[in-house]
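Let me begin by presenting the structure, written as structure tokens, before commenting on it.
The values are calculated or read from the model by the stated rules, or taken from the named source; none is laboratory data. These figures come from a predicted structure and were not determined experimentally. Backbone-built Cβ (ideal geometry, glycine too); neighbour counts: all protein chains shown.
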Amino acid sequence: MRVYDSEFDRLLDRARELLGAGDDSLLVEANLAINQALTVRPDSVEGWLVKCQVASATGDDIAALAAAEMAQTRAPERAETLYWRGAVLGDLGRHRESLRAIEAAFHAVTTDDAWMLEDLYYEKAMVLESLGLHDAAVATCQAGLAECPGSALLRAALVPAERARVRSSLKLLRGGAG
């Protein structure tokens with residue numbers, strides 16, 4: 001049995017464990033654990049990031065955005081807070097804002113944040129794709145693969161982006177008929 005330094009740490013770990021289980025039926029319990037953790041330590045950036053992830057997993061994008069913004073308010077230059085805000089804005093269809101947040105996250109990345117590069121490139125590519133910027137989405141996937149050469153996620157994202165780019169160029173060649 002793991003020993004925790006505080007009740008907050010125990011609750012945060014419990015919420016992460018339940019969220020990471022990949023079982024939607026555990027999300028209510030994960031939400032309860034993170035809410036209790038935030039009651040104990042309402043200024044915790046990590047707590048708000050986990051709250052964002054739990055809300056996102058339950059499909060409550062408004063609550064996820066609120067939690068992401070609470071985290072970003074507490075750590076405005078932290079790549080992870082910018083990333084989550086951008087990801088949730090993308091889920092809400094607010095693509096331009098999402099792209100700005102993701103770009104800011106790229107600028108905030110430190111050597112300690114290298115673990116999140118794959119997700120940053122993926123989110124950026126998906127937002128660019130949603131904006132119809134297929135060439136930029138392909139270039140983003142390629143840049144991501146240069147940084148994260150073993151990424152199956154970026155390889156999978158590259159295929160539809162390349163198809164969309166080809167469809168878009170064929171549409172132009174046909175004079176806009178499609």
- request: Kindly provide the set of residues from region 56-80 that are closer than 15 Å to Gly90 by Cβ and among the hydrophobic types (A, V, I, L, M, F, W, C), ordered by number.
  value: Ile62, Ala64, Leu65, Ala68
- prompt: Within region 115-133, which residues are among the hydrophobic types (A, V, I, L, M, F, W, C) and not in a helix (DSSP H, G or I)?
  reply: Leu131, Leu133
task: Only one of these is at pLDDT below 95 and of a type outside the set (A, V, I, L, M): Gly90, Gly176. Name it.
output: Gly176
- prompt: What are the pairs, 6+ residues apart or on separate chains, where a residue within region 105-133 that is surrounded by fewer than 22 Cβ atoms within 10 Å (Cβ to Cβ) has its Cβ under 7 Å from a residue that is among the aromatic types (Phe, Trp, Tyr)?
  reply: Met116/Tyr83; Asp119/Tyr83
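Before we move on, is Asp60 over 20 Å from Ala101 (Cβ atoms), of a type in the set (D, E, K, R), without any contact (Cβ under 8 Å) to a residue 12 or more places away in the chain and out of contact with any Pro (no Cβ under 7 Å at 6 or more places or on another chain)?
No; evaluated as a whole, the condition is false for this residue.
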- line: For region 8-50 the number of residues that are within 16 Å of Ala71 (Cβ to Cβ) and not in a helix (DSSP H, G or I) is 4
- prompt: Does Leu49 fit the bill of being touching a helix residue (DSSP H, G or I) at 6+ places or on another chain (Cβ under 8 Å) and farther than 22 Å from Trp115 by Cβ?
  reply: no
- request: State whether the residues of region 156-164 include one that is in a helix (DSSP H, G or I), small (Gly, Ala, Ser), surrounded by 21 or more Cβ atoms within 10 Å (Cβ to Cβ) and at pLDDT below 95.
  value: yes
Inter-residue pairs, beta-carbon under 6 Å, first closer than 17 Å to Ser56 by Cβ and charged (D, E, K, R) and in region 66-95, second surrounded by 21 or more Cβ atoms within 10 Å (Cβ to Cβ) and modelled with pLDDT of 95 or more, 6+ apart: Arg85/Ala68; Arg85/Gln72; Arg85/Ala101
task: Examine region 27-48 for a residue that is surrounded by fewer than 21 Cβ atoms within 10 Å (Cβ to Cβ) and within 27 Å of Arg155 (Cβ to Cβ), and state whether such a residue exists.
output: no
Test: residue in region 84-105 that is over 11 Å from the mean Cα position of the chain (by Cα), hydrophobic (A, V, I, L, M, F, W, C), farther than 28 Å from Leu26 by Cβ and part of a helix (DSSP H, G or I): yes
